[in-house]
Amino acid sequence: MTIKVGIPVSLTGQFSLQGGQTLAGVRSWADDVNRSGGLTVGSGTASVEIVWHDDASRRDGARAITERLIMADRVDLLIGPYSAVLTNAAADVAQAHGKLLWNQGGASPLVYRRGNPWVVGILTPADEYLSGLLPAVREVHPGAATLAIARAATGAFPRDVAAGVERAAAGLGFRIVLSLRFDAEADDFCEIVHAICDVAPDVLLIVGRFQNDLNLAELLARSAPAIGTVAVIAAGVDTFRERLGSLADSFVGPSQWEPDAGYVVDYGPDVAEVQDSLRRAGYPVIDYPMAQSYAVGVVIQRCLEECKSLDDVELRQAAASLDFTTFYGRFRIDADTGRPAGKPALLVQWQQGRKAIVWPPEYRTGRLAYPWRP
């Protein structure tokens, strides 16, 4: 018996970097499962076949590929693509067909707010991405009180991340001294950097497309304004350091997963085993898009063992009933919405060329360096 697992992947377009990493992770999971004898379904076992097609980083592509996987390829299990916008598109199609979508790459809360019972997520939602940012700053600098935000004007993800930080700011008494929106297609950020320099905030948040983040971060690093902490969404991945070199130091970013977090695993392979698997597949540097797509396979595996069936309704019920920890962290969902609950995003900071986990305290491997440019 073979179980077909389908996934739309972005092999071209703006998400091609993360799309390639996503495919690498889920294929490594499938290879490991097959080497170990297959998935347990009821009283038997089955091998795993990964079926994928390029969605070209487009919403219409994600819709068309999801439709193709369900109707033409007849996949048994459906995993969502990378990015919030593509996941929302895929979720619409999955819902229309009554097919459960295992969401490994879309952090937007919108997919869970739609009343869609056909989604199970493993990612910390975008509005919780930086829940630890302001508490971490206050821990090292109790007098920090001002916040500036520069975000892309379009897209659910930048809006959701910023909204989460704004809510936290209100609760902690931070004052927003600057709130800027920029065109996601822009490549000249001089005016924005000048405006940031003028207010010299205690905390700065930057969230746009990956290239926006890189361009703004590099310009800021070369300008060296007097800022307490600079958080950039792209700073959570190793590619940020590869692109900026030594200029990456002191930038803070969120990460869905870090190998040094030290989660106590009670199901599936441990961190070292997953790292070894991906390295054997030719990936010496393992970013969280690889880890999360591998992790969703582990979650599916556990749910299959629980309900002993490939039926989507039974799998959804199993997912809602379970609470366990994989190498990726805790898996638990809200039973009504499928939204992940209980897994905080990690806050990391580049320190002397390495990432240190600076929040939450229970996973910390370093202390937040403040100010941003000592």
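The values are calculated or read from the model by the stated rules, or taken from the named source; none is laboratory data. Predicted model, so just to flag it, every value in this text is computed and none were measured. Heads up, the Cβs are rebuilt from the backbone with ideal geometry, glycines too, and the neighbour counts pull from every protein chain shown. Accessible surface is based on the protein model in full, side chains and every heavy atom, while ligands, DNA and RNA are left aside. Shrake-Rupley method; radii C 1.70, N 1.55, O 1.52, S 1.80 Å.
The table that follows gives values for the structure above.
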read-out	value
Per-region count, the stretch 128-139, residues in a helix (DSSP H, G or I) and either open to solvent by 10 Å² or more (accessible area, probe 1.4 Å) or more than 22 Å from GLY164 (Cα to Cα) (or both)	4
Among the residues listed as VAL51, VAL33, the single one being modelled with pLDDT of 95 or more and over 19 Å from ALA94 (Cβ atoms)	VAL33
Residue tally, condition open to solvent by 30 Å² or more (accessible area, probe 1.4 Å), within 20 Å of LEU86 (Cβ to Cβ) and assigned to a helix (DSSP H, G or I), over the stretch 140-161	2
Hey, LEU278 more than 22 Å from PRO135 (Cβ to Cβ), touching a residue at least 40 places away in the same chain (Cβ under 8 Å) and either among the aliphatic types (A, V, I, L, M) or in contact with a Gly (Cβ under 7 Å, 6 or more places away or on another chain) (or both) or not	yes
Every residue from the stretch 95-142 that is of a type in the set (Lys, Arg) and out of contact with any Phe, Trp or Tyr (no Cβ under 7 Å at 6 or more places or on another chain)	ARG113, ARG114, ARG138
Selection from the stretch 324-352 of residues that are within 25 Å of SER277 (Cα to Cα) and in contact (Cβ under 8 Å) with a residue 60 or more places away in the chain	THR325, THR326, PHE327, TYR328, GLY329, ARG330, PHE331, LYS343, ALA345, LEU346, VAL348
Every residue from the stretch 341-361 that is charged (D, E, K, R) and surrounded by fewer than 20 Cβ atoms within 10 Å (Cβ to Cβ)	ARG354
Search result, residues across the stretch 218-256 that are surrounded by fewer than 18 Cβ atoms within 10 Å (Cβ to Cβ) and outside any helix (DSSP H, G or I)	ALA224, ALA226
Filtered residues of the stretch 181-198 (kept if at pLDDT below 95, open to solvent by 40 Å² or more (accessible area, probe 1.4 Å) and not in a loop (DSSP other than H, G, I, E, B))	CYS190, GLU191, HIS194, CYS197, ASP198
Condition check for ASP260: among the charged types (D, E, K, R) and either free of Cβ contacts under 8 Å to residues at least 60 places away in the same chain or surrounded by 20 or more Cβ atoms within 10 Å (Cβ to Cβ) (or both)	no
Matching option when the condition is out of contact with any Ser or Thr (no Cβ under 6 Å at 6 or more places or on another chain) and under 28 Å from PRO360 (Cβ atoms), among GLY236, GLY132	GLY132
Residue that is open to solvent by less than 10 Å² (accessible area, probe 1.4 Å), charged (D, E, K, R), in contact with a strand residue (DSSP E or B) (Cβ under 6 Å, 6 or more places away or on another chain) and under 23 Å from ASP127 (Cβ atoms), where the choices are ASP213, ASP202	ASP213
The stretch 319-340: number of residues that are farther than 16 Å from PRO259 by Cβ and open to solvent by less than 30 Å² (accessible area, probe 1.4 Å)	7
Complete set of residues in the stretch 116-151 that are under 21 Å from the mean Cα position of the chain (by Cα) and among the hydroxyl-bearing types (Ser, Thr, Tyr)	THR124, TYR129, SER131
Any chance ASP266 is surrounded by fewer than 16 Cβ atoms within 10 Å (Cβ to Cβ) and either polar (S, T, N, Q) or in a helix (DSSP H, G or I) (or both)	no
